[in-house]
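The values are calculated or read from the model by the stated rules, or taken from the named source; none is laboratory data. The shown structure was predicted, so the numbers you read here are calculated from the model rather than taken from an experiment. Counting neighbours? That spans all protein chains shown, and the Cβs are built from the backbone with ideal geometry, glycine included.
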């Protein structure tokens, strides 16, 4: 086996060997565990160096915690975070470099989260370094998407418009068997999704109908349902949303190409979710102009709005405006809020947002059959476990 350095950024970007793909997988996994150990060692050094002396009672307590944590610390920290990195293990054999990129993504996101954790308040001076790593260096490794960050809720007011934004986690869609409130959709979904926004447009013909406007695919029921041909023509060039285990794509809907499963798989082979949204709000960091909404019913009216997209940290983001706003002004506001891509979802009376089992809008919205939801990363190693681990290493020195 011959290891060859391929890139000098951080010493290596990925390594190759002269045997076969399986050999390369083994090499990459070894490097992943090397990164895991180095990050744990780094956390141990900076925590011990900056922590004040502890009493014997505290040391005994930490020792007890350490004994509990040490049995699964390595497995939890080193392996679960790789799965958490939004790259399915089954794809590693065909795309070995994705595994290594995913590990860097997961470990970096976890480290950044620890730096922001209250238990690590003494490390705040180091925060700009990791912020620079996340926002500047990390995208050089993987310019795609970050599905490994914790799900966080924020509220902001921009240009007198109040927004509730929820970012992080991994996006999925839920196509329910009828119409429900979002909290009920999440409860019935059988997933661990913690947040959701109402999804795309649906037929109002029957009160219990779950018939969507345009084609729809949801990983919850693994069923692709084509759209009605007459309705599809009216959706031409609207944003077709495609979601895979590690990516999101928005592209103009073409009824002739995208109304079959094979058609959307031609655009994204590992697609798990798909639907046609109402309109583009933000594209490549630029707000959509007022003229671009021509043909979208009610776009120039002030209404409650629902949307979802990707922020500048490459995290999936869902949200609503809690005050009525027209589409063009909302587009400008979302750019100021840090969205680099965003599309309009079903709005008006359907506008709804839920988080941790709670509805976040101040009214009872129209029940809906479709939602865009966020699944949080797998459980992290607790900070107390890491602190105990660090103290254990300190005593052994």
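One table, with the values for the structure above:
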quantity	calculated
Pairs, first modelled with pLDDT under 85 in region 289-305, second surrounded by 13 or more Cβ atoms within 10 Å (Cβ to Cβ) and not in a loop (DSSP other than H, G, I, E, B), C-beta under 6 Å, six or more apart	293/279; 293/327; 296/279; 299/293; 299/327
Among residues of region 224-277, those that are over 23 Å from residue 311 (Cα atoms), in contact (Cβ under 8 Å) with a residue 40 or more places away in the chain and either crowded, with 19+ Cβ neighbours inside 10 Å or not assigned by TED's automatic domain parsing to the domain that holds residue 317 (or both), counted	5
Residue 356 being within 18 Å of residue 170 (Cβ to Cβ) and surrounded by fewer than 20 Cβ atoms within 10 Å (Cβ to Cβ)	yes
Within region 169-198, considering residues that are closer than 25 Å to residue 250 by Cα and touching a helix residue (DSSP H, G or I) at 6+ places or on another chain (Cβ under 9 Å), the one surrounded by the most Cβ atoms within 10 Å (Cβ to Cβ)	198
Lone qualifier among 281, 313 - being modelled with pLDDT under 90 and buried (at least 17 other Cβ atoms within 10 Å of the Cβ)	313
Residue within region 182-199 that is touching a strand residue (DSSP E or B) at 6+ places or on another chain (Cβ under 8 Å), modelled with pLDDT under 95 and assigned to a strand (DSSP E or B) present	no
